[in-house]
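Working notes, beginning with the structure itself.
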Amino acid sequence: MSKKVLLLPFLQIKMGHHQAADALVEHMLSIDPSIECDIVDILDYSYGSRVEGLVSSTYLKWIHFLPLTYSWMYRKSCGGQLRHKRRYRLYEMIFMRGMQQLIREKQPDCILCTHSLPSYLLDRLKCKGLLSIPVINVYTDFFINDVWGRDGIDYHFVPDTHIKDWLTSRSVQAEHIFVTGIPVHPQFTASRPERKQANSEFTVLITGGNLGAGVMKAMCRTIGKAEGVRYIVLCGKNKALYRHLKKKNCPSIIPMPYIESRAEMNDLYNQADAVLTKPGGVTISECLYKKVPILVYHALPGQEEINLLHLLDQQLIVYVKDWAKETMDKQLQLLWNKKAMERLTGQMNAYSRDISDLSSTLRHVLKLPQ
């Protein structure tokens with residue numbers, strides 16, 4: 001009988017936890033095509049698409065229009081990285097009944113959480129002895145917020161050794177923690193073409209404009225004014241940004257609409273000499289896997305702010321924060337030197353050496369034949 005695996009992101013917005021769930025499904029199916037994988041959002045499941053859509057749109061508007069209040073609320077409610085677990089009784093009241101119903105309906109053999117809220121609920125059930133199947137936390141940021149379950153969780157897939165040390169310092173057994181990195185879809189290949197000569201035009205891939213939040217449009221006004229730099233701008237579903245850049249008709253700026261094909265995205269990474277992005281966990285993980293130098297121009301409030309601090313501490317990125325004073329072209333020309341790029345490449349190589357193979361780890365924890 002084939003295994004049934006339930007994957008739990010949160011909300012329907014195609015953010016990192018959904019991309020990680022998709023990547024996990026593909027890795028599992030490559031191991032055993034008979035595995036039944038089901039991705040479910042507990043909010044949509046419990047209360048329907050209309051309520052989920054309202055919550056998603058409110059979340060995006062909050063980040064966009066009141067970023068400082070969102071940042072404060074996130075850190076206050078779940079961003080403290082506390083040593084001792086706290087209770088979130090409101091989450092239990094809103095979602096616990098739906099979670100138990102979902103488990104009864106799906107009858108999974110294993111559950112993988114790519115978001116903290118489902119992990120918290122399942123952790124409560126495990127600690128009460130109401131759930132016996134394995135539950136795996138798959139973290140999609142470079143830190144662990146306070147909502148994630150710990151005590152009852154069977155396995156933890158963490159982004160790096162620092163997060164493993166953080167968990168072990170909080171009484172999680174080291175043998176239950178696997179340094180897999182944030183999951184990258186198998187359509188992304190590790191190999192990249194040879195780098196171009198230092199004196200030739202270099203290509204910068206700009207990401208982070210997909211949902212319309214943040215400062216992408218303002219930042220794009222500061223590019224394309226100097227020779228020697230070509231920009232590929234991923235506008236995602238931000239149609240206004242795409243139209244704006246098309247109308248600008250600058251030969252060194254190539255706007256791209258929403259790209260669904262990961263093979264096409266992999267090709268764009270291969271063309272890039274650097275990626276200019278926000279510190280979202282999955283995008284950063286893809287760049288680390290591809291070993292493309294990472295430049296960060298902005299961080300959304302909440303998770304991305306904390307990711308930024310961690311990545312800077314590990315020297316895995318360069319923070320290009322003065323583009324409002326100097327054009328981005330000038331900032332990049334100052335940064336684009338052999339010494340800086342060699343340092344970034346060295347840090348990425350060191351990071352990669354600590355990462356275990358995700359498919360092998362899944363095979364091990366799901367007890368699949370080798």
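Ligands, DNA and RNA are left out, and with a 1.4 angstrom probe the accessible area of the chain is 47 Å² per residue. Across region 245-260, computed HN-Hα scalar couplings (Karplus, 6.51 cos²θ - 1.76 cosθ + 1.60, θ = phi - 60°) run 6, 4, 5, 4, 6, 8, x, 9, 10, 10, x, 10, x, 4, 10, 8 Hz from first to last residue, x flagging Gly and Pro.
A crude spin-label estimate for the pair residue 314 and residue 1, with each label 7 Å from Cα along the Cβ direction, gives 4.0 nm.
Taking the charge dipole of the chain about its Cα centre, with +1 at Lys and Arg Cβ atoms and -1 at Asp and Glu Cβ atoms, the residue from 272, 336, 55 reaching farthest to the positive side is 55.
Ranking 169, 143, 203 by how far each Cα lies toward the positive end of the dipole of region 143-277 (charges on Cβ) leaves 203 at the top.
Treating r as the C-beta distance of residue 73 and residue 14 and R0 as 22 Å, the FRET efficiency rounds to 0.45.
Residues 334, 234, ordered by accessible area of protein heavy atoms at a 1.4 angstrom probe radius and largest first, appear as 334, 234. For region 236-306, the Kirkwood hydrodynamic radius comes to 13.6 Å, computed from all pairs of different C-alpha atoms. Residues of region 216-246 with an amide N closer than 18 Å to a point placed 7 Å from the Cα of residue 324 along the Cα-to-Cβ direction: 216-223.
Based on Cβ point charges of +1 for Lys and Arg and -1 for Asp and Glu, what charge dipole magnitude is obtained for region 231-333 about its Cα centre, in debye rounded to the nearest 20?
Charge dipole, region 231-333, about its Cα centre: 500 debye, nearest 20.
Annotation: residue 336 carries an accessible surface of approximately 50 Å², with a 1.4 Å probe and no ligand, DNA or RNA atoms counted.
Put simply, region 15-80 fits an ellipsoid with semi-axes of 31, 16, 10 Å; these come from the alpha carbon gyration tensor as the roots of five times its eigenvalues, largest first.
Ranking 82, 6 by solvent-accessible area of protein heavy atoms (1.4 Å probe, all protein chains present), from largest to smallest, gives 82, 6.
Roughly how many percent of the accessible protein surface of the chain is carbon and sulfur, given a 1.4 Å probe and a whole-percent answer? Reported share for carbon and sulfur atoms: 52 percent. Take every Cα pair under 8 Å whose residues are at least 6 apart in sequence, average their separation, divide by the length of region 205-267, and the relative contact order is 35 percent. Using the Cβ-Cβ distance between residue 175 and residue 350 with R0 set to 35 Å, the FRET efficiency from 1/(1 + (r/R0)^6) comes to roughly 0.90. Quick one: Karplus J couplings for region 87-97, per residue in order, coefficients 6.51, -1.76, 1.60, θ = phi - 60°, nearest Hz, x for Gly and Pro? Whole-Hz 3J(HN,Hα) from phi for region 87-97: 8, 10, 5, 5, 4, 4, 5, 7, 10, 4, 4.
Its Cα centre serving as origin, region 17-114 has a Cβ charge dipole (Lys and Arg +1, Asp and Glu -1) of approximately 1000 debye. Between region 331-370 and region 77-110, the alpha-carbon centres lie 32 Å apart. Here the gap between residue 191 and residue 83, fully extended at 0.36 nm per residue and compared with their Cα-Cα distance, gives a gain of 34.9 nm. Sorting 242, 47 by accessible area puts them as 47, 242; the probe is 1.4 Å, largest comes first, and only protein heavy atoms count.
Angle of helix 116-127 to the longest C-alpha principal axis of the chain, folded into 0 to 90 degrees and rounded to 10: 20°. Computed from the C-beta positions of residue 104 and residue 30, the FRET efficiency with R₀ = 22 Å rounds to 0.15. Over the chain, all Cα pairs binned in 10 Å intervals from 0 give whole-percent P(r) values of 5, 23, 33, 25, 11, 3, 0, listed from short to long. Charges were assigned to the Cβ only: +1 to each Lys and Arg, -1 to each Asp and Glu. The resulting dipole of the chain about its Cα centre is roughly 980 debye.
The values are calculated or read from the model by the stated rules, or taken from the named source; none is laboratory data. Since the structure is predicted, the reported quantities are computational estimates derived from the model, not experimental observations. Please note: Cβ atoms are built from the backbone with ideal geometry, for glycine as well, and neighbour counts cover all protein chains shown. These accessible areas exclude ligands, DNA and RNA; they are computed on the full protein's heavy atoms, side chains included. Shrake-Rupley method; radii C 1.70, N 1.55, O 1.52, S 1.80 Å.
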